[in-house]
1. Translational diffusion coefficient of segment 172-292 at 4 °C, 1.567 mPa s, Stokes-Einstein with Kirkwood Rh over Cα pairs, in µm²/s as a whole number.
2. Sort 55-67, 218-230 by the packing proxy (mean of other Cβ within 10 Å over each peptide's residues), most packed first.
3. Under unit Cβ charges (Lys, Arg +1; Asp, Glu -1), what dipole magnitude, rounded to 20 debye, does the chain have relative to its Cα centre?
4. Pairs of alpha-carbon atoms within less than 8 angstrom and 6+ residues apart define the contacts here; what relative contact order does segment 235-352 have, in percent?
5. What does the helix-only formula give at 222 nm for the chain: each DSSP H stretch with n ≥ 4 adding -39500 (n - 2.57), the total divided by the residues, and the result rounded to the nearest 500 deg cm²/dmol?
6. How high is the relative contact order of segment 140-391? Use alpha-carbon pairs under 8 Å, at least six apart in sequence, and give a whole percent.
7. LYS60: which aspartates and glutamates have alpha carbons under 12 Å from its alpha carbon, excluding same-chain residues fewer than 8 sequence positions away?
8. Test of understanding: express the Cα radius of gyration of segment 3-132 as a ratio to 2.2 N^0.38 Å, with N the residue count.
Amino acid sequence: MNRVHIKTYGCQMNERDSEAVAAMLRARGYRIVGSEDECDVMLLNTCSVRDAAEQKAIGKAGYVSHKKRKNPDFVLGILGCMAQNRGAALLDQLPDVDLIVGTQKFHQVPDYLDNLRAAREAGVPIGETIVDIAEEAGSQNTIKDHLVAEGADLVPQVNAFVSIQQGCNMDCAFCIVPKTRGDERSRPMDDIVAECRSLAARGVKEITLLGQIVTSYGRRDYAHTDGISPFVQLLEKVHAVEGIERIRFTSPHPRGFKDDLAQAYGRLSKLCEYVHLPMQSGSNRILKAMNRPYSRERYKEIVDSLRAVRPDMYFSTDIIVGFPGETDEEFEQTRELFEACNYDMAYIFKYSIRSGTPAADMGDQIPDEVKEHRNAVLLDILRKNSERRNAALLGTVEEVLVEGPDKTGERFTGRTRGNRVCIFDANPRLIGQLVPLKIERASVSTLYGELQLAGV
Ligand code: 5AD
């Protein structure tokens, strides 16, 4: 009863949480398995940001509980955002779930599983489902464990997510995250830097700092020094960690994206020239209705300031189409700004009603066909941008961090500093190395090339 399969929905933060849970479970003697057909415990780490994400996990849990009836010892757990959002109410739809654990309680999962296991081994019937979605002071500090590669054949880890902050207080009108992730809390800078050091000692070369609103990092705990925000101070410290070659972060908020951060791109060479900067809308009226405190003009100014520091900067964004009341003219403003920013990548979402958020009660909801059309318009621009950008890369040499074998296992994969995925032939001993790759071919999302190394 010790084989655990964790299935993760949603964002990188969720991936990071799952990884920390896996690391804690492995330290307790559980085996983390990749196949859901060969596990004794299945944990679904869920997402609530859109209804579709919740429905997907509920569908999966329903399917798994059907299997569970055939094997009463099987344990099914729901973790993370949907657990936090819906709590015990999930049992109305999913009565067979054994464990419901919220976003501040991931570190309790090993104890809960141990208890379930002990009860089953003793032949004691399991009583009530364990539901723990309480708040816990200091829980931002408990996402710190990383999986260590085990066994000689496992690929060493080259990049790692590091959580720097939990929760968000921005209260964007559309967003469920303040409910699922709670108040904004930052981890101490020294703890984060120590984690980066230990990752570097294990061979990790690339760090992605994670938080819901990283530009606010440490605002209650650290002062600005010489106009430098706590977040940029943290970037400087991570930059100084020997062995770390690349730094990324996600997600910043345009409101906190000040000049000190733009200038950091000129000073900190490890900071990759790739920024994910959520725009959400290009209409000032809609931004206001979304409770996003910036204007389209300010947003464009940030993009321009970054391109001034790094002309080769890559940009991605999040856009919501069909926010309540969004008119054709307002969408046209989004389209125009979207085009002007020339994104390399974008995540375009159709507005999804999230009960309990201010936008859910706004009325004037936009019909699905209209959302669909607006979505398609932006996707078309994105595809053209991506093709143009990739075409410009043909024949150039890009620095690629070799991550490991690709999906086929025959070639290797890695990413450029601009976060483009590359596929190429290489030698396994190059995993973890920064190598020059001559780009020879491109699809919309992937670059293919040849390493420019003597003797490889
Ligand atoms: N509907 C659609 N998209 C949403 N997002 C957040 N809430 C909603 C919602 N209710 C999007 C935002 C955010 C991204 C993570 O998900 O664009 O930046």
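1. Once the numbers are plugged in, D ends up at 83 µm²/s.
2. Listed from highest to lowest mean packing, they are 55-67, 218-230.
3. Around 400 debye, computed over the chain.
4. Taking the mean separation of contacting Cα pairs over the length of segment 235-352, I get 27 percent.
5. Helix-only estimate at 222 nm: -10500 deg cm²/dmol.
6. In percent, rounded to a whole number, it is 16.
7. GLU36
8. Its radius of gyration relative to the 2.2 N^0.38 Å reference: 0.96.
None of the figures in this text is laboratory data; all of them are computed from the coordinates on show. Model, not experiment: these values are computed from the prediction. All Cβ positions, even for glycine, are placed from backbone atoms using ideal geometry, and neighbour counts span all protein chains on display.
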